[in-house]
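*Asks:* Quick one: this structure, given as structure tokens, is what I'll be asking you about.
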Amino acid sequence: MPTSLDSLHAVPCDKQGVRALSKLFWLAVLLFSCLPSQILGAQDAEKTPGKALQILRITPDGDEVPMGRQIVIQFDRPVVPLGRMERDTTEIPVSIEPRLNCRWRWLGPATLACNLDEQDAFRPATEYRLVVSPGIMTEDKATLAKARHHSFSTERPRITDSWFKTWLSPRMPLTSVRCNLAMDKASLSAHLYYLAAGGTRIPAKIEEDPDYERSPERKDNRMWLVSPRTELPPDTAVDLVVEPGLVSLQGLLLGVEKRVVDSLHAIPEFRFLGVACTDRDNQPFKITPEMPLADQQPCLPSGGVSLLFSAPVKAEHVQAGLRLTPALTRKTPDDDPWEQVYSYSQLAEPYSRGKEYSIYLPEAILTAHRAYRLVSAADALKDEFGRSLAAPVDMRFATDHRAPDFALLKNMPVLEKGLDTDAHVWSVNLGQLRLNYQIVTADEPKATGSDLILPVGPRDAAIPVPLGIRKLVGKPSGLVQGHFTVQPAIPGKSSEESWFFAQVTPFQVHLKLGHHNSLVWITDLESGEPVP
């Protein structure tokens with residue numbers, strides 16, 4: 001039998017030769033089909049190089065990325081088998097500038113990571129540039145066709161917060177700003193400024209904030225005090241602006257933000273603006289100094305009456321420089337009604353156009369339904385900056401009658417049998433109280449009734465109005481529960497404030513209630529002796 005195709009040419013073309021040739025052909029086909037596919041694939045790979053390895057993504061990516069400790073490179077196919085995931089730096093053809101102390105590790109067959117220790121984390125305000133060169137190979141010897149370049153940057157210096165701190169003078173505000181990074185003081189001075197109307201630029205003065213407490217692990221200063229180097233223009237809105245160029249002490253990248261950090265307005269001259277009050281419906285209103293008394297609405301005394309100024313002023317300055325006629329009521333000759341008014345500095349409040357600074361008059365000693373006169377010489381009253389009033393004060397205002405009100409101080413009174421005592425409601429300018437109640441006595445288990453009470457006493461004063469509990473009970477002892485309504489009605493009063501449960505009794509009962517048993521002590525109110 002022939003053993004090669006060359007020998008087939010010597011076979012005679014008879015029937016026997018044709019049969020031998022046919023057997024040889026099918027034997028060759030069978031042997032070829034039985035070769036292992038791995039061998040065939042390896043032979044093909046040797047002849048035809050595999051498709052180049054590709055990088056799908058590299059993270060982090062972009063600008064202002066969060067501070068981190070890892071760079072991840074994701075390939076388009078498995079590169080290493082599961083197993084030894086740690087890699088020496090010499091095995092990884094990746095260069096990083098600025099240099100990072102990477103600990104390379106495969107997170108998966110197709111994911112390579114540069115892990116950093118805490119002390120080697122990304123630096124802020126820094127651009128990192130990576131070059132991944134060919135050299136990382138898959139098992140089929142595929143690698144990158146060319147080097148892959150990548151870059152990212154960490155957070156740049158910027159101002160994160162700002163708040164008003166105080167006024168150094170009427171036209172010199174002081175603002176606190178917080179930065180995200182340790183900042184170069186000179187760059188803050190160069191790129192923080194005040195912008196007034198018309199484009200006028202006022203340089204900023206930068207100082208460290210002495211109130212800023214630095215933590216032991218953070219020795220850098222991120223809190224600064226900002227003020228204008230010259231006074232702000234009067235009656236003009238001014239913006240505190242940051243522009244690109246801030247420099248951090250922790251990195252080379254410059255800040256890029258351009259925005260308004262705060263809006264400010266100088267405090268105007270010191271003037272008296274009038275009186276603020278509320279009416280009977282608790283609606284606020286104002287009375288200006290030039291308004292005639294006949295055209296004014298009276299102020300509700302219980303709603304509070306406050307004096308309005310254009311600049312911050314303390315209560316003791318108002319007390320010393322302002323004269324009120326008639327004088328504030330004193331309980332005793334040595335009593336000082338202004339002690340009721342809390343005095344504090346208002347310099348920590350920012351100013352905006354039209355802002356008013358208020359000082360409340362002592363409420364308890366303003367007489368209802370009375371006309372008052374306010375007088376002050378211009379140099380007698382000064383604001384917190386020591387400035388005198390721009391003009392003297394001479395105005396009138398009037399108080400209204402007190403608003404109707406009541407207070408039930410004890411809604412569960414105990415009245416001793418045989419005495420002449422009662423429960424009271426404190427009433428202010430009420431026309432009537434209508435009671436609806438239920439009584440329980442030893443003779444009558446339950447009965448209902450109603451009663452009308454007309455308060456008697458001076459107007460605009462708090463007077464005690466007896467409820468007549470003994471009259472309602474109608475017996476030497478008993479219980480009465482009820483509630484009352486008033487005329488005129490008082491907005492905002494709840495039904496719980498007019499509910500009461502009263503008793504007329506010779507006994508004081510103390511009960512200790514238990515699950516299995518209870519104990520009761522009864523004491524005679526008159527003698528104080530126990531009752532069997």
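*Asks:* In this structure, does GLN503 turn out to be open to solvent by 80 Å² or more (accessible area, probe 1.4 Å), touching a residue at least 60 places away in the same chain (Cβ under 8 Å) and either within 24 Å of LEU408 (Cβ to Cβ) or in a strand (DSSP E or B) (or both)?
*Replies:* no
*Asks:* Would you confirm whether any residue within the range 486-494 is of a type outside the set (D, E, K, R), in contact with a strand residue (DSSP E or B) (Cβ under 6 Å, 6 or more places away or on another chain) and assigned to a strand (DSSP E or B)?
*Replies:* Among the residues of the range 486-494, at least one is of a type outside the set (D, E, K, R), in contact with a strand residue (DSSP E or B) (Cβ under 6 Å, 6 or more places away or on another chain) and assigned to a strand (DSSP E or B), which makes the answer yes.
*Asks:* So ILE206 passes all but one of these: (1) in a strand (DSSP E or B); (2) crowded, with 18+ Cβ neighbours inside 10 Å; (3) touching a residue at least 60 places away in the same chain (Cβ under 8 Å). Which condition number does it fail?
*Replies:* (3)
*Asks:* One residue is enough: does the range 212-219 have a residue meeting the conditions open to solvent by 50 Å² or more (accessible area, probe 1.4 Å), among the charged types (D, E, K, R), farther than 14 Å from VAL177 by Cβ and assigned to a strand (DSSP E or B)?
*Replies:* Checking the range 212-219: not a single residue is open to solvent by 50 Å² or more (accessible area, probe 1.4 Å), among the charged types (D, E, K, R), farther than 14 Å from VAL177 by Cβ and assigned to a strand (DSSP E or B).
*Asks:* While we're here: Is it the case that VAL242 is modelled with pLDDT of 95 or more and farther than 24 Å from THR126 by Cα?
*Replies:* no
*Asks:* Is there any pair with a first residue in the range 255-274 that is over 24 Å from LEU389 (Cβ atoms) and a second that is among the polar types (S, T, N, Q) whose Cβ atoms are under 7 Å apart and which are 6 or more apart or on different chains, and what are they?
*Replies:* Cβ pairs passing all conditions: VAL261/SER162; ASP262/SER162; ASP262/THR175.
*Asks:* State all residues of the range 439-470 that are in contact with an Asp or Glu (Cβ under 8 Å, 6 or more places away or on another chain) and open to solvent by 60 Å² or more (accessible area, probe 1.4 Å); if no residue qualifies, say none.
*Replies:* PRO466 - this is the single residue of the range 439-470 that is in contact with an Asp or Glu (Cβ under 8 Å, 6 or more places away or on another chain) and open to solvent by 60 Å² or more (accessible area, probe 1.4 Å).
*Asks:* So, one more: Output the number of the condition that SER302 fails; it satisfies all remaining conditions of (1) polar (S, T, N, Q); (2) exposed (fewer than 14 other Cβ atoms within 10 Å of the Cβ); (3) not in a loop (DSSP other than H, G, I, E, B).
*Replies:* Checking SER302 against (1) polar (S, T, N, Q); (2) exposed (fewer than 14 other Cβ atoms within 10 Å of the Cβ); (3) not in a loop (DSSP other than H, G, I, E, B), the one that fails is (2).
*Asks:* If ARG280 passes every condition in (1) of a type outside the set (Phe, Trp, Tyr); (2) closer than 30 Å to ARG373 by Cα; (3) assigned to a strand (DSSP E or B) but one, which one does it miss?
*Replies:* (3)
*Asks:* Here's another thing I want to ask about it. Sort through SER189, SER169 and tell me the only one that's open to solvent by less than 60 Å² (accessible area, probe 1.4 Å) and in contact (Cβ under 8 Å) with a residue 40 or more places away in the chain.
*Replies:* So the residue among SER189, SER169 that is open to solvent by less than 60 Å² (accessible area, probe 1.4 Å) and in contact (Cβ under 8 Å) with a residue 40 or more places away in the chain is SER169.
*Asks:* Pairs please, first residue from the range 288-315 and charged (D, E, K, R), second anywhere and not in a strand (DSSP E or B), Cβ atoms under 9 Å, 6+ apart in sequence or on different chains.
*Replies:* Filtered contacts from the range 288-315: LYS314/SER343; LYS314/TYR344; LYS314/SER345; LYS314/GLN346; LYS314/ASP383; LYS314/GLU384.
*Asks:* Right, next: Return yes or no: is ALA320 under 19 Å from SER358 (Cα atoms), open to solvent by less than 30 Å² (accessible area, probe 1.4 Å) and in contact (Cβ under 8 Å) with a residue 40 or more places away in the chain?
*Replies:* In short, no.
*Asks:* Give me a count of the residues in the range 454-507 that are in contact with a Phe, Trp or Tyr (Cβ under 8 Å, 6 or more places away or on another chain) and among the aliphatic types (A, V, I, L, M).
*Replies:* So the answer is 9.
The values are calculated or read from the model by the stated rules, or taken from the named source; none is laboratory data. Just so we're clear, the structure is a prediction, and the values are computed from it rather than from any experiment. Reconstructed Cβ throughout: ideal geometry from the backbone, glycine too, with neighbour counts over all protein chains shown. In case anyone asks, the SASA skips ligands and DNA or RNA and just uses the protein heavy atoms, side chains included. Shrake-Rupley method; radii C 1.70, N 1.55, O 1.52, S 1.80 Å.
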